[in-house]
1. Exactly one condition in (1) out of contact with any helix residue (DSSP H, G or I) (no Cβ under 7 Å at 6 or more places or on another chain); (2) closer than 30 Å to Phe153 by Cβ; (3) surrounded by fewer than 16 Cβ atoms within 10 Å (Cβ to Cβ); (4) not hydrophobic (A, V, I, L, M, F, W, C) is false for Glu326; which is it?
2. Just to check your reading of the model, which residue among Ala226, Ala234 is assigned to a strand (DSSP E or B) and in contact (Cβ under 8 Å) with a residue 40 or more places away in the chain?
3. Quick check on the stretch 250-261. Is at least one of its residues in contact with a strand residue (DSSP E or B) (Cβ under 8 Å, 6 or more places away or on another chain), farther than 25 Å from Arg216 by Cβ and among the small types (Gly, Ala, Ser)?
4. Working only within the stretch 198-223, note down all residues that are farther than 19 Å from Phe63 by Cβ, in contact (Cβ under 8 Å) with a residue 40 or more places away in the chain and outside any strand (DSSP E or B).
5. Using beta carbons and a limit of 9 Å, which pairs, at least six apart or on different chains, have the first residue in the stretch 270-298 and over 25 Å from Asn236 (Cα atoms) and the second one surrounded by fewer than 16 Cβ atoms within 10 Å (Cβ to Cβ) and among the aromatic types (Phe, Trp, Tyr)?
6. Name the residue, out of Gly147, Gly124, that is on the phi > 0 side of the Ramachandran plot and at pLDDT 95 or above.
7. Restricting to strands (runs of 3 or more DSSP E) lying wholly in the stretch 114-189: which have 3 or more residues that are over 16 Å from the mean Cα position of the chain (by Cα)?
8. Considering the stretch 71-122 alone, what residues qualify as being surrounded by fewer than 17 Cβ atoms within 10 Å (Cβ to Cβ), over 30 Å from Pro213 (Cα atoms) and among the aromatic types (Phe, Trp, Tyr)?
Amino acid sequence: MKQLNGIHHVTAITSSAEKIYQFFTYILGLRLVKKTVNQDDIQTYHLFFADDIGSAGTDMTFFDFPGVQKAIKGSDEIAKTSFRVPNDLAIDYYKKRFETYQVKHDEIKYLFGIKTLAFEDFDGQEYVLFSDEHDQGVKPGIPWQKGPIPLRFAIRGLGPIFFRVRDEQRMDRVLTHVMGFEKIDQQDHLILYQTGLKGNGSSVILDVQHDLPQARQGYGGVHHVAFRIDDKKAINDWIQTLNALRAPHSGYVDRFYFESLYTRLYPGILFEFATEGPGFIDDEEAYEVLGETLALPPKFRHQRQQIEKLVRYIDTVRSNKVFEKEELGI
């Protein structure tokens, strides 16, 4: 069994590509590093929000499927995505920021000894901020240098991913026997698992709920979670592992920005293994203008005119803007 390197990305569904762009850019302060289309449904936007350079382990991405229904929250789903902030004071900063911008949020609490803050977006998508104050695990990313958040507080990567499950034993076997996670701690009905270099960037938290209805995907919910692996060889190794387990999987998939393998090892939850690179700085967009144009992988570029008619224009130009760092008195 090859250990995973941590969390790679989370992909969710939104009711509005425009509104999620505003929320992630102007309130959370993540950088849109790629504006492209769903490679399996070219009429659907796929937006990638990440750190300053689009590092693996820092990006949350969104689809805006036309006509999709609202998600029904329940058991057997990826329930919450979390983000890493550099220190405990950053949690206080974002609490004040959410109050300023009227973002729905909980009170600050400690999970597994870590200072956290839960909040939601306009769709009811659930998130948590985790402080890296004492984190010694997976290295964080680089905050968006030109964004609105002071760098000493800014989000710098993905934190623990929450799975809300009914069958604790089955998911425990998937995490420990198949994916190489280690059970670390338990707090009430929450169970912490970590892999690789450990820390916030390689953690999964099980929220064990036996009596909830079955979740259903839709806007305001998560589509899948991806874990970091080295390269195509690692994908082939995982294909062999999944074949030995007789687990269904996609086989090798080239996403251009990274290479992938998808599988369902637990009902209702889609897992992806994704390579560390190549990344989002490519022949179409330089660092300075990441996410400002409609970017297409090479296999879709001959369809550009057709795709541009299918997806509406969204203004994501930021290189001509100056974002003042909002200190908010902290």
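The values are calculated or read from the model by the stated rules, or taken from the named source; none is laboratory data. No experiment lies behind these values; they were computed from the predicted model shown. Heads up, the Cβs are rebuilt from the backbone with ideal geometry, glycines too, and the neighbour counts pull from every protein chain shown.
1. Result: Glu326 passes all but (3).
2. Going through Ala226, Ala234 in turn, just one is assigned to a strand (DSSP E or B) and in contact (Cβ under 8 Å) with a residue 40 or more places away in the chain: Ala226.
3. Yes, the stretch 250-261 has at least one match.
4. Answer for the stretch 198-223, where residues must be farther than 19 Å from Phe63 by Cβ, in contact (Cβ under 8 Å) with a residue 40 or more places away in the chain and outside any strand (DSSP E or B): Lys198, Gly199, Asn200, Gly201, Ser202, Gln209, His210, Leu212, Pro213.
5. Close Cβ pairs (under 9 Å, with a partner that is surrounded by fewer than 16 Cβ atoms within 10 Å (Cβ to Cβ) and among the aromatic types (Phe, Trp, Tyr)) amount to Ile281/Tyr287; Leu294/Tyr313.
6. Gly124
7. The strands (runs of 3 or more DSSP E) meeting that bar are 114-120, 182-187.
8. The one that is surrounded by fewer than 17 Cβ atoms within 10 Å (Cβ to Cβ), over 30 Å from Pro213 (Cα atoms) and among the aromatic types (Phe, Trp, Tyr): Tyr101.
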